[in-house]
Amino acid sequence: MDNVIEVRNLTKRFGSFTAVDAISFEVPKGEIFGFLGANGAGKTTAIRMLCGLSFPTEGSGTVAGFDIMTQGEQIKRHIGYMSQRFSLYGDLTVFENMQLFGGIYGMSEKQIAARAAELLEKVQFSGHRNDLVGSLPLGWKQKLAFLVATVHNPEIVFLDEPTGGVDPITRRQFWTMIREAASSGTTIFVTTHYMDEAGYCNRVSIMMDGRIKALDTPSVLMKEYKAESMNEVFVKLCR
Amino acid sequence: MQIRLSAFIRKEMLHILRDKRTMLVVLVIPVMLILLFGFTVTTDVNNINVAVCAPNRCHAVSESVNRLVFSSYFRFKGYVDAADIDMTLRTGKAAAVVVFAADYATSGLFQLILDGADVNTASTSQAYLQHVILGEKARQSLFEMHQLYNPQMKSAFNFVPGIMGMIFLLICAMMTSVSIVKEKEVGTMEVLLVSPVKPAYIIISKMVPYLLLSCIDLATILLLARFVLDVPLAGGVWGIVGISVLYLVLSLALGMMVSNMARSQIVALLISAMVMMMPVLFFSGLMFPIENLPWALRWISYVIPARWYIDAMRKLMIEGVAFIGVMLEFGILLGQTLLLIAVSTKKFNDRLE
Amino acid sequence: MNAIEANNLFKSYRSVQALKGVTFQVGKGEVFGLIGPDGAGKTTIFRILTTLILPDKGSARTDGLDIIKDYKEIRTRVGYMPGRFSLYPDLSVGENIDFFANIFGVTLEENYDLVAPIFRQIEPFRTRRAGKLSGGMKQKLALCCALIHKPSVLFLDEPTTGVDALSRVEFWEMLASLKETGISILVSTPYMDEAARCDRIALMCEGLILEICPPPARLEDYFIELMTRNG
């Protein structure tokens, strides 16, 4: 199988503190991979290394076929990123945001226009192409942020707590979008504090104190820990 | 148990002490400004380039030119032809040209041509040139000029009170308003408001640490002014300190007002920097003499506290007027301070809207 | 007497209608949950009941006191944890506790019994700066500060947002033991799974309470159904 992410013994130390301690895993193409962990378990540090934003102290790996030690710039061109904290520019319109991010990834105006039309059509939002993002309801902002993160057809999309604070209907729609993107071959790497969302992932890893404590499909994990829900798995594992 | 004000003040002090970078800026910037203005930004005449045009280089001419050459105020740039005078000034080769009449020896006539682009330098060098060229003869002229209080014509003297008026306003108003608005931004203000704490406690605890900090600045500036820039401080140190502390309290109250208006730290910064600094620069006599302002603007200057403070400081620090001579300024500042404190306490909102 | 009574509350900010007529009661010793997405009006309710803002219309009582007339008295009786982390990150854990004890004119020792279970967990970090704590620890410290004056009503606005699942479970266990002491708690959360821990919940959306009920099984499906029915 084609692995889009492959890391071996990835380690990051800050002075004497080991934030990420020799983690190894691979993510095949088109998978929805849940990356869970307690606050301060090292998730953010690990994601930064995968996105080419910081160098590992030790270990090796490839993301989208590029070496994380030497080809950080190429990695950035082939991934998309969305976080709850920063999504879109509220003072730009929906389309202007897409233009901006398409432009950052070197797409031509023509390509951007075509891709924007396609994406907005898919979520039935074409009528709001020229609305200011700031004036839209939160749920739509989050959905648009996801579309913008995929505007350049990245091989992997990193989602950092993408559904914080949205209503349950939007949350379900959001996950429908994620599943559609995954079935068309985009790999999804997602962190969340909603444990029911962990159940929607193909496979889930749970980090604690810089190490990956568990990595499998939700159903296997629930069986292994004799738990009814992913929440229970998480609590049993971390306690 | 009672709510202790000291615990509030202690907490504010901890905030300041732990923000080392800001504290450094607050303590170092005044020193830098004073030294910068004192030594570099000066309207004193020094090493002005002067060329001479003399069709008849007689003995009298060369005697006058000699005085020019040996004067520390001017740098002699050589003789030029009458046709080249314009070019010499235009190219900046010289800032002034002295043209001696052909019969200078007998008539004593000469002409000064000055580069008026820099008005200040031009007018001061005009006076100096006259003096130097006439030499002994100047003493025999009909009128005599005496500049009191600042015999060496040091412009740094004038800047010191101006900079004090500016710095204290900046530090006190900006720092207090930012620190209050920061609590609004972070959300701690919400918790403070939903508690039985009196607004006065919050206000006083914000003011005291910055008052102490700016007193350190005041001491530094006065020491620098006295011992590095040789400003006389002739009117008595206690009067200077007294009015300065009053002005500090006033600036702190202004900061309180700003924090009532601003919702984010950026806005607080902008209001204190632009809305409050601009009037100080324009209407306090720091840049332009107040007497030269049109009457409408002069009226505005009457409500600018910095104007009265700077006036009082000029009198006390440079002219050597005793404290009794600045009672008017003191009274006005006191009135403004009380008014501002009253308004900002009243306006301090104990709700979020 | 109810701990909280809100009658037909309305509130607008400029063009946004935050509350469009909200009515509910919280009984003494009850844990009442406000459940809904961002922008549903949860924070506005908290701010009105804690006397931070005034409603445009309607009335409310907190701990039997009128939120407009008796706001000074209410402020001595409630504990409030606003949505964001609202402690001083540059002060240490101990300094934060001492400061918040002082603003209520109490000491940690006076009400030690109440905060002891929480305080013991953060005590090892007493000298650490609050900003350097992990999410779960910050939240425990904030709860400790909100409880220090032994309030009769506790207001917790999204106390668990952005906190990991384990800390959330621990937090709710602390609330359960607080409830034993008879304190009334109004809490909001966007996490559906936490609603099950409340005695009763109000499901909120766009400034309205859609329903008040004991937490149903399969809450999310129920909520979605409600939202669709109400358009």
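Residues in segment C:192-203 carry Karplus couplings, in order, of 4, 5, 6, 4, 4, 7, 8, 6, 9, 10, 10, 8 Hz; the curve used is 6.51 cos²θ - 1.76 cosθ + 1.60 with θ = phi - 60°, and Gly or Pro positions show x. Among B:Thr220, B:Thr106, B:Thr337, the largest mean-square fluctuation in a Gaussian network model of chain B (Cα springs under 10 Å) belongs to B:Thr106. Couplings 3J(HN,Hα) for segment B:188-195, derived from phi with the Karplus relation 6.51 cos²θ - 1.76 cosθ + 1.60 (θ = phi - 60°), are 5, 4, 4, 5, 4, 5, 7, 9 Hz, where x marks Gly and Pro. For segment C:106-118, 3J(HN,Hα) computed residue by residue from phi via the Karplus equation (6.51, -1.76, 1.60; θ = phi - 60°) reads 10, 10, 4, 5, 4, 10, 4, 3, 5, 8, 3, x, 7 Hz, glycine and proline entered as x. Taking amide hydrogens as placed 1.01 Å from N in the peptide plane, the amide H of A:Ile32 sits under 5 Å from those of A:Ile188, A:Asn202, A:Arg203, each at least 5 positions away in sequence or on another chain. Sorted on the mean count of surrounding Cβ atoms within 10 Å across their residues, most packed first, peptides C:49-62, B:58-71, A:188-201 read A:188-201, C:49-62, B:58-71. Can you compute the FRET efficiency between B:Thr106 and B:Phe70 using 1/(1 + (r/R0)^6), with r the Cβ-Cβ distance and R0 = 35 Å? Round to the nearest 0.05. In this case the efficiency is close to 0.90. Springs join every pair of Cα atoms under 10 Å in this Gaussian network model of chain A, and among A:Ile75, A:Ile178, A:Ile169 the largest mean-square fluctuation is at A:Ile169.
Treating the angle as unsigned and between 0 and 90°, give the value, to the nearest 10°, between the Cα long axis of helix C:135-147 and the longest Cα principal axis of chain C. The angle comes out near 90 degrees.
Averaged over the residues of peptide C:51-61, the number of Cβ atoms from other protein chains lying within 10 Å of each residue's Cβ is 2. Other protein chain C-beta atoms within 10 Å of residue C-beta, averaged over A:159-172: 5. From largest to smallest, the equivalent ellipsoid semi-axes obtained for chain A from the alpha-carbon gyration tensor read 30, 22, 15 Å.
Here the mean projected area of the convex hull built on the C-alpha positions of chain B is 22.7 nm².
Divide the volume of the convex hull around the Cα atoms of segment C:98-222 by the residue count and you get 129 Å³ per residue. Here the simple spin-label model places points 7 Å from the Cα toward Cβ, and for A:Ile104 and A:Ser184 these points are separated by 2.0 nm. Spatially, segment C:154-182 and segment A:165-239 are offset by 23 Å when compared through their Cα centroids. Highest-first packing order for the peptide set A:217-226, B:167-176 is B:167-176, A:217-226, based on the mean count of other beta carbon atoms within 10 Å. With a Förster radius of 60 Å applied to the C-beta separation of B:Lys20 and C:Thr228, the computed FRET efficiency comes to 0.60. Close Lys pairs in chain C (alpha-carbon distance under 14 Å; sequence gap of 8 or more, or different chains): 8. Within segment C:4-229, DSSP assigns beta bridges of which about 55% are antiparallel (rounded to the nearest 5).
For chain A, the relative contact order is 26 percent, taking Cα pairs closer than 8 Å that sit 6 or more residues apart in sequence and dividing their mean separation by the residue count. For the options B:Asp311, B:Asp81, B:Asp217, a Gaussian network treatment of chain B with springs between C-alpha atoms closer than 10 Å singles out B:Asp81 as fluctuating the most.
How would you classify segment B:48-140 from its alpha-carbon gyration tensor, with a ≥ b ≥ c the square roots of the eigenvalues: rounded for a/c under 1.5, else prolate if a/b is greater than b/c, otherwise oblate? Cα axes put segment B:48-140 in the oblate bin. For the residues of C:100-107, the average number of beta carbons from a partner chain within 10 Å of their own beta carbon is 6. Between B:Arg263 and B:Ile324, how high is the FRET efficiency from 1/(1 + (r/R0)^6) when r is the Cβ-Cβ distance and R₀ = 41 Å? Nearest 0.05. It comes to 0.35. Restricting the calculation to Cα atoms, segment C:4-229 shows an Rg/Rh of 0.96 when the hydrodynamic-style radius is the Kirkwood one. One decimal place: the segment A:Thr44-A:Glu26 gains 4.7 nm when fully extended, by the rule 0.36 nm per residue minus the C-alpha distance. Among beta bridges identified by DSSP and lying wholly in segment B:48-140, the antiparallel ones come to about 40 percent.
Can you list the residues, at least 5 places off or on another chain, whose amide H is less than 5 Å from the amide H of C:Ala3, using H built in the peptide plane? Correct list: C:Val26, C:Gly27, C:Lys28.
Relative contact order for chain B: 19 percent, from Cα pairs under 8 Å spaced at least 6 residues apart, divided by residue count.
Summary value for chain C: 28 percent relative contact order, contacts being C-alpha pairs under 8 angstrom separated by 6+ residues. Within the straight-line cut-off of under 26 Å between alpha carbons, the lysines reachable from A:Lys226 are A:Lys43, A:Lys213, A:Lys236, sequence neighbours fewer than 8 places apart in one chain being disregarded. Among all helices in chain B defined by DSSP H, which have a length of 18 Å or more along the axis from Cα atoms plus a Kyte-Doolittle mean of at least 0.0? Once both thresholds are applied, what remains is B:5-18, B:20-39, B:119-134, B:155-169, B:199-227, B:237-261, B:327-347. Spatially, segment A:113-144 and segment C:19-64 are offset by 33 Å when compared through their Cα centroids. When DSSP beta bridges are restricted to pairs lying wholly in the protein assembly as shown, around 50% turn out antiparallel.
Entry note: the protein assembly as shown has Rg to Rh equal to 1.11, where both radii use alpha-carbon atoms and Rh is the Kirkwood radius. Residues whose amide H comes within less than 5 Å of that of A:Met208, counting only those at least five positions distant or on another chain, are A:Lys213 (H built at 1.01 Å from N in the peptide plane).
With only the Cα atoms considered, segment A:88-153 has a convex hull volume of 70 Å³ per residue.
Each peptide in A:157-164, A:119-126, C:212-219 gets a packing score, the mean of other Cβ atoms within 10 Å over its residues, and the list from highest to lowest is A:157-164, A:119-126, C:212-219.
Only the coordinates and a few stated rules stand behind these numbers; no lab work does. Computed from a prediction, not measured in an experiment: that's the story for all the values here. All Cβ positions, glycine included, derive from the backbone under ideal geometry; neighbour counts span all protein chains shown.
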